[in-house]
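So the structure is just underneath, and the comments pick up after that.
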Amino acid sequence: MKTVNFIHMEDGTAEEYAFTANLFTEHVQEHLADQLMTTLRTMAGPTFGYQVDRFEHSLQSATRALRNGESDEMVVAALLHDVADPIAPLNHSAVAADILKPYVSDRTEWVIRHHGVFQGYYYFHHLGGDQNARELFREHQWFDDCAAFCHEYDQNCFDPAYDNLALEDFAPLVREVLGRPSRFSLTELA
Ligand SMILES: [Fe+2]
Ligand SMILES: [Fe+2]
């Protein structure tokens, strides 16, 4: 089979969908890591007045996580925690969590999903918001994990003098984590 016969999905067969799903999965495993690293690189440049750009911020987050002995998936999650900024600037945490969800634990996904509101502890009050918005999640089993993530790998990652590792240093780790078989089937997350 080179292509399916159908032009309306309602006419497809199980064999045809197995064929396309395999090609899709192979493509994802080969290219997703590089796609996301390319997106990270596009964040170099604009600083919005901070002392580092978002690419440097991401490298610093991952470098600190690595040097602190975090797991491979947490280092990759740190590297990619803001990767959705260019395409979902107002809800980047949730989009990054959804990108990572098939490849990381529930805990890591939860930490990334909520890092934006937990990060607010450090500045929401300066913008007229509630710095304690994270308290909504106080009883959650991963509250402390998310608070620690923001304290150690996010709010402190705006230092232009910190010696960040390069993106290339993280590439093998990103390819390993994002190249894992998805924890969910194609029909579970669509
Ligand atoms: Fe963020
Ligand atoms: Fe961040």
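The values are calculated or read from the model by the stated rules, or taken from the named source; none is laboratory data. Owing to the predicted nature of the structure, the values given are computational and were not obtained by experimental measurement. A quick note on method: Cβ atoms are made from the backbone with ideal geometry, for glycine too, and the neighbour counts reach across all protein chains shown.
Structure data summary
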| quantity | calculated |
| --- | --- |
| Top-ranked residue in region 74-120 [being in contact with a Ser or Thr (Cβ under 7 Å, 6 or more places away or on another chain) and more than 19 Å from Thr38 (Cα to Cα); ranked as farthest from ligand 2 (Cβ to nearest atom)] | Pro102 |
| Residue in region 42-54 that is in a helix (DSSP H, G or I) and more than 12 Å from ligand 2 (Cβ to nearest atom) present | no |
| Residue within region 51-74 that is modelled with pLDDT of 95 or more, surrounded by fewer than 18 Cβ atoms within 10 Å (Cβ to Cβ) and of a type in the set (Phe, Trp, Tyr) present | no |
| Hits in region 123-147 (condition: away from ligand 1 (no atom under 15 Å from the Cβ), surrounded by 12 or more Cβ atoms within 10 Å (Cβ to Cβ) and in a helix (DSSP H, G or I)) | His125, Glu135, Leu136, Phe137, Phe143, Asp145 |
| Region 170-190 - residue that is free of Cβ contacts under 8 Å to residues at least 60 places away in the same chain and assigned to a helix (DSSP H, G or I) and, of those, surrounded by the fewest Cβ atoms within 10 Å (Cβ to Cβ) | Thr187 |
| Cross-chain or 6+ apart pairs with Cβ under 8 Å, region 154-169 first and modelled with pLDDT under 95, then of a type outside the set (S, T, N, Q) | none |
| Only listed residue being within 11 Å of the chain's Cα centre (by Cα), of a type in the set (Asp, Glu) and within 13 Å of ligand 1 (Cβ to nearest atom), chosen from Asp82, Asp98 | Asp82 |
